[in-house]
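Here the structure is laid out as structure tokens; the discussion comes afterwards.
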Amino acid sequence: KNYIDIHKYSGEYCYMDCLTLRDGYNKFSGLVKDGIDLDISKYMSLPSMANDYLIIQGCYDGVLKMSGVPRHFIQKCVVGGRTMCRKNEKHKIINQPLADFDAVSLYPSAMARMKGFLIGKPKVITDFASIKNIADGYYVYVEITKVGKQYDFPCSSLLTEDGIRCFTNDLVGKKVYMDNIALDDLVKFQHVEFKVISGYYYNEGFNDTINEVITYVFQQR
């Protein structure tokens with residue numbers, strides 16, 4: 001009579017859903033086993049599995065596991081991805097086509113091209129001028145004294161009082177944490193001048209195993 005037995009329908013739907021999940025899990029398990037010889041049932045997340053694989057492959061050999069003050073300091077230099085329109089302005093688009101452009105595997109592609117993971121112990125910066133050209137990498141707390149060029153998409157960011165990360169040109173007089181790559185970008189593109197307050201540097205080279213390993217993982221995926 002043009003009606004549906006919703007209980008019967010729901011039961012069949014849930015049953016088919018379980019079959020789909022099972023088959024997907026088993027397929028993925030087989031692909032991972034063939035590709036990198038790991039058992040997915042031993043991991044709670046993909047990052048934990050990926051991290052284990054990098055350890056097995058020697059990507060972290062010589063890389064110091066940190067805690068305490070150095071780890072806390074360096075963590076403050078980490079900035080995630082951003083999503084923003086020009087000048088960080090909002091736009092309301094109604095009944096107009098939008099093109100969603102996205103790149104493939106930005107983190108792996110960066111890992112394939114970077115110099116590698118810094119090895120050895122972080123050393124306290126006492127004279128930035130003397131270590132700048134000999135350091136393989138550094139993490140610094142700096143005060144910005146001048147911004148020579150403004151951008152609609154600024155290179156650097158600040159945390160607001162509400163804990164929101166805001167990319168801005170308004171950096172003069174501000175104190176920020178950043179690594180050598182972020183600082184080099186600020187100097188190159190926005191002609192920034194700065195004063196180093198404190199920081200850590202590395203000068204014992206890199207473990208570049210990640211370049212080859214992440215390329216293999218990407219191809220397997």
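The values are calculated or read from the model by the stated rules, or taken from the named source; none is laboratory data. Note that the coordinates shown come from a computational prediction; the quantities given were computed from them, not determined experimentally. FYI the Cβ positions are ideal-geometry reconstructions off the backbone, even for glycines, and counts take in every protein chain you see. When the accessible area is computed, the model is the full protein with side chains, heavy atoms only, and any ligands, DNA or RNA have been set aside. Shrake-Rupley method; radii C 1.70, N 1.55, O 1.52, S 1.80 Å.
Tabulated data
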quantity: Scope the range 115-137; condition over 21 Å from ILE214 (Cα atoms) and in contact with an Asp or Glu (Cβ under 6 Å, 6 or more places away or on another chain); matching residues; calculated: GLY120
quantity: Which numbered condition GLY81 fails, given (1) part of a loop (DSSP other than H, G, I, E, B); (2) open to solvent by 100 Å² or more (accessible area, probe 1.4 Å); calculated: (2)
quantity: Subset of the range 146-167 (residues that are open to solvent by less than 60 Å² (accessible area, probe 1.4 Å), within 21 Å of the chain's Cα centre (by Cα) and touching a residue at least 40 places away in the same chain (Cβ under 8 Å)); calculated: SER157, CYS166, PHE167
quantity: In the range 169-181, the residues that are aliphatic (A, V, I, L, M) and either touching an Asp or Glu at 6+ places or on another chain (Cβ under 9 Å) or under 15 Å from GLU143 (Cβ atoms) (or both); calculated: LEU171, VAL172, VAL176, MET178
quantity: Near pairs, Cβ below 9 angstrom, 6+ apart or cross-chain, from the range 170-187 (open to solvent by 40 Å² or more (accessible area, probe 1.4 Å)) to any residue that is part of a strand (DSSP E or B) and acidic (Asp, Glu); calculated: GLY173/GLU143; LYS174/GLU143; LYS175/GLU143; VAL187/GLU193
quantity: Matching residues in the range 188-212 - criterion: being under 23 Å from the mean Cα position of the chain (by Cα), farther than 25 Å from LYS121 by Cα and surrounded by fewer than 17 Cβ atoms within 10 Å (Cβ to Cβ); calculated: LYS188, PHE189
quantity: Hits in the range 35-68 (condition: of a type in the set (S, T, N, Q) and farther than 17 Å from THR209 by Cβ); calculated: SER41, SER45, SER48, SER67
quantity: Subset tally (residues that are part of a helix (DSSP H, G or I) and free of Cβ contacts under 8 Å to residues at least 24 places away in the same chain) for the range 35-48; calculated: 6
quantity: Test: residue in the range 98-106 that is surrounded by fewer than 16 Cβ atoms within 10 Å (Cβ to Cβ), in contact (Cβ under 8 Å) with a residue 12 or more places away in the chain and in contact with a strand residue (DSSP E or B) (Cβ under 7 Å, 6 or more places away or on another chain); calculated: no
quantity: Count of residues meeting criterion [touching a helix residue (DSSP H, G or I) at 6+ places or on another chain (Cβ under 9 Å), exposed (fewer than 15 other Cβ atoms within 10 Å of the Cβ) and part of a helix (DSSP H, G or I)] in the range 49-66; calculated: 2
quantity: Matching residues, the range 109-132, being within 25 Å of PHE73 (Cα to Cα), in a helix (DSSP H, G or I), in contact (Cβ under 8 Å) with a residue 24 or more places away in the chain and under 14 Å from the mean Cα position of the chain (by Cα); calculated: MET111
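Matching residues to (1) over 30 Å from GLU212 (Cβ atoms); (2) of a type outside the set (Asp, Glu):
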position: LYS92; (1), (2): yes, yes
position: LEU98; (1), (2): yes, yes
position: VAL104; (1), (2): no, yes
position: ARG113; (1), (2): no, yes
position: TYR139; (1), (2): no, yes
position: GLU143; (1), (2): yes, no
position: ASP152; (1), (2): yes, no
position: THR160; (1), (2): yes, yes
